[in-house]
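Comments concern the structure below.
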Amino acid sequence: MLEVKNLHKSFGENEVLKGIDFSVKKGEVVAILGSSGSGKTTLLRCISFLERADSGTISLDGFEKDMTELTRREVRMLRMKMGFVFQEYNLFRNKTAFQNVTEGLRIAQKIPADKARETAVNVLKKVGMLERADYYPDELSGGQKQRVAIARAIALSPKVILFDEPTSALDPELTGEVLEVMKMLASEGTTMAVVTHEMGFARDVASRVVFMDGGKITDNRAPAEFFSSPESDAARRFLRRMTSDRGI
Ligand SMILES: Nc1ncnc2c1ncn2[C@@H]1O[C@H](COP(=O)(O)OP(=O)(O)O)[C@@H](O)[C@H]1O
Ligand SMILES: [Mg+2]
């Protein structure tokens, strides 16, 4: 479904991605784990063209090309096939939950108003936000805002949804409702790549775990294997730290 090969990215002298091979197959949920600064966000930003990769190829939904040679039109076409849910909700503050969902449909996909409304009702219902459809972002909790952001992403029927720490900005009591929605999407076969520090989600919901350290992927395996016998020392140290932090 989505694949990048030999992806390199530097910021000045700082080589942040050192030849990443990363793929998400149709219906897979890939959890991307790694310490802060390991390059997880940069990976997602390169895949979504918020950053220009220095080198690498991307293939998505049957289209494949060198990432440095893409035309603007191709970038737009590829971005249309991806959904994004990032840590900061990125909702339009002057639009209601409902308008936040319909906006993308009307503008990005030029869908007629009545069809956009119908889709918005469906996706808001799905994330449990239909009752709050007319609320503005400032009137919603962080968890509710993130659910609207998810609704907005799925409304566009992307081939793959990229999540970057979707629950990291939330109070602990609000992470559950967002994880539940993501779990539901996973159970429906939604293709997703999720940067997360939620070990429970990685263990129980992900079909595969990718671990990044220093701009490289050092581990890539099924969750049960990753958690019981990580491949790299870095992953082993990371897991030890994650579990001791939580007093487990
Ligand atoms: N826009 C940028 N300009 C310069 N350096 C950056 C930029 N974005 C990220 N970096 C650097 O890239 C490295 C990886 O960052 P990031 O991808 O955010 O890691 P993670 O998401 O795993 O915490 C860090 O050293 C960070 O300082
Ligand atoms: Mg990050």
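At most 14 other Cβ atoms within 10 Å and a DSSP loop assignment: could you name the chymotrypsin sites (Phe, Trp or Tyr not before Pro) in the stretch 92-135 that fit?
Within the stretch 92-135, the qualifying chymotrypsin sites (Phe, Trp or Tyr not before Pro) (loop, at most 14 other Cβ atoms within 10 Å) are PHE92.
Less than 14 Å Cβ to Cβ from GLY128, Lys/Arg counted +1 and Asp/Glu -1: what total charge do the surrounding residues give?
Summing Lys and Arg as +1 and Asp and Glu as -1 gives +3.
Just in the stretch 42-120: which GluC sites (Glu not before Pro) are loop by DSSP and have at most 13 other Cβ atoms within 10 Å?
GLU88
Sorted from largest down, what three extents in whole angstroms do the Cα atoms of the stretch 184-225 have along their principal axes?
Principal axes ranked by extent give 33, 18, 16 Å for the Cα atoms.
Between SER141 and LEU50, what is the FRET efficiency for a Förster distance of 41 Å, r being their Cβ-Cβ separation, to the nearest 0.05?
It comes out at approximately 0.95.
What lysines sit close enough to LYS81 to cross-link, taking a C-alpha to C-alpha distance under 16 Å and skipping anything fewer than 8 places away on the same chain?
Excluding near neighbours in sequence, the set is LYS25, LYS26, LYS65, LYS110, LYS159.
So how much slack lies between GLU131 and GLU13, counting 0.36 nm per residue of separation and subtracting their Cα-Cα distance, in nm?
Stretched out fully, the GLU131 to GLU13 stretch lengthens by 37.5 nm.
Run down the aspartates and glutamates and flag those whose C-alpha is under 20 Å from the C-alpha of LYS95, throwing out any fewer than 8 positions away in its chain.
Leaving aside aspartates and glutamates fewer than 8 places away in the same chain, those within reach of LYS95 are GLU103, ASP114, GLU118, GLU131, ASP134, ASP138, GLU139.
Could you give the length gained on full extension between MET77 and LYS110, defined as 0.36 nm per residue of separation minus the Cα-Cα distance, in nm?
Extending this stretch completely gives an extra 10.5 nm.
Evaluate the distance, in nm, between pseudo-label points positioned 7 Å from the Cα of ASN220 and of ARG117 along their respective Cα→Cβ axes.
4.7 nm
Please list, short to long, the whole-number percent of alpha-carbon pairs of the stretch 1-131 in consecutive 5 angstrom bins beginning at zero.
Final binned percentages: 2, 8, 16, 18, 17, 16, 12, 8, 3, 1, 0.
What pairs in LYS40/LYS125; LYS125/LYS145; LYS115/LYS145 have C-alpha atoms more than 26 Å from each other?
From LYS40/LYS125; LYS125/LYS145; LYS115/LYS145, over 26 Å: LYS40/LYS125.
Given Cα pairs under 8 Å that are at least 6 residues apart, what percent is the relative contact order of the stretch 111-248?
15 percent
Return the inverse of the average 1/r over all pairs of distinct C-alpha atoms in the stretch 89-157, which is the Kirkwood hydrodynamic radius, in Å to one decimal.
Final number for the Kirkwood radius of the stretch 89-157 is 11.4 Å.
Calculated FRET efficiency, ARG237 and SER23, Cβ-Cβ r, R0 25 Å, to nearest 0.05?
My answer for the efficiency is 0.45.
With a point put 7 Å past each Cα toward its Cβ, work out how far LYS65 is from SER157 in nm, to one decimal.
Result for the modelled spin labels: 2.3 nm.
Consider just the alpha-carbon atoms of the chain and return their Rg together with their Dmax, both in angstrom.
Computed over the Cα atoms of the chain, radius of gyration and Dmax are 18.1, 54 Å.
Hand me the trypsin sites (Lys or Arg not before Pro) from the stretch 88-177 located in a DSSP loop with no more than 10 other Cβ atoms within 10 Å, in residue order please.
Sparse-neighbourhood loop trypsin sites (Lys or Arg not before Pro): ARG93, LYS110.
Averaging sequence separations of C-alpha pairs under 8 Å and six or more residues apart, then dividing by the length of the stretch 89-157, give the relative contact order as a whole percent.
Computed value for the stretch 89-157: 47 percent relative contact order.
No value in this document is a laboratory result; all are computed from the given coordinates. These numbers come from a predicted model, not from an experiment. Quick reminder, even Gly has a Cβ in these numbers, built from the backbone with ideal geometry, and neighbours come from all protein chains shown.
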